[in-house]
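One structure, pasted below without further comment.
Read the figures in this text as sums done on the coordinates, not as results from a lab. From a predicted model like this one, the values you see are computed outputs, not experimental measurements. When we count neighbours, we look across all protein chains shown, and the Cβ atoms used for this are built from the backbone with ideal geometry, even at glycine.
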Amino acid sequence: MPTELTEERIREITGQFADAARRALAAGFEVVEVHGAHGYLIGEFLSPHSNRRTDAYGGSFENRTRFALEVVDAVRAVWPEDLPVFFRVSATDWLEEGGWTADETVRFAALLREHGVDLLDVSSGGNGGPARIPVGPGYQVPFAARVKAETGLPVAAVGLITESAQAEKIVANGEADAVLLGRELLRDASWPRRAARELGAETHAPSQYAWAI
């Protein structure tokens, strides 16, 4: 069974996030993303479904978001100002009661913006159940659109976005500033090149690869 983290251990883990950001920078990465979604540790702190603490890290919205904001501050402190920090969030737990909600996500997004997050990667679910999730093409896009409209924080839409025209429409309509793909790129590693052809965009490849295009 999991045990409740001590505040000393919380501080240690916060420092480990900063250490990871330092290593990413040394390795040449130009973007870092703090994963606060899908029932992983930060997401567990955010949601009242999983956070049953009674100290400064549990109970109220301010307390439940404290760990996430401390991690963001630690990462932002070691990450260059001219390079972006993303944050991934589950916009809702999809629970009928007692879970993290879309309203809280909007409120949290405004705080993340104040703490130096450059883009919110808006997913959903993954923090226990039973949850009724209306899965379908682009089913999470409305959450991203709402955050963008109500906070002005740039957002990325994810979740069953598989076709080039679908992705283009999401960005063109202003529902999101970017579309991020996961499983579809595993199924089709050439998706970006195919999408470019379908949308009439120019692509360029190093001469070494030109014969294979």
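Considering the zone a paramagnetic label at ARG107 would reach in this model (a point 7 Å from Cα along the Cα-to-Cβ line), which residues of region 140-165 have amide N under 19 Å from it?
Hits in region 140-165 for ARG107 at 19 Å: 143-144, 146-153.
In nm, give the distance between the simple-model label positions of ALA210 and GLU198, each being 7 Å from the Cα along the Cα-to-Cβ direction.
2.8 nm
Oh, and also: Spin-label point model (7 Å from Cα, Cβ direction): what's the ASP73 to GLU150 distance in nm?
The modelled label-to-label distance comes out at 2.5 nm.
How large is the Kirkwood hydrodynamic radius of the chain, in angstrom, based on all distinct alpha carbon pairs?
On the way: mean 1/r = 0.0539 Å⁻¹.
Taking the inverse mean of 1/r over all distinct Cα pairs, the chain comes out at 18.6 Å.
Cβ neighbours within 10 Å, averaged per peptide: list 144-150, 102-108 in order, most packed at the top.
Top of the packing list down: 144-150, 102-108.
So, by mean Cβ neighbours within 10 angstrom, what's the order for 54-61, 177-184 with the highest one leading? Spell out each step's value before the answer.
Numbers: 54-61: 13.4, 177-184: 15.6.
Peptide ranking by packing, descending: 177-184, 54-61.
Hey, what do the phi angles of region 3-9 turn into as Karplus ³J(HN,Hα) couplings, whole Hz, using 6.51/-1.76/1.60 and θ = phi - 60°, x for Gly and Pro?
10, 5, 5, 6, 5, 5, 5
Okay, moving on. Grab the other residues whose beta carbon is less than 10 angstrom from that of SER47, score K and R as +1, D and E as -1, and report the net.
Around SER47, the surrounding residues sum to -2.
Length gain on complete extension for the stretch TYR40 to SER190, per 0.36 nm per residue less the alpha carbon to alpha carbon distance?
Difference between extended and current length: 51.0 nm.
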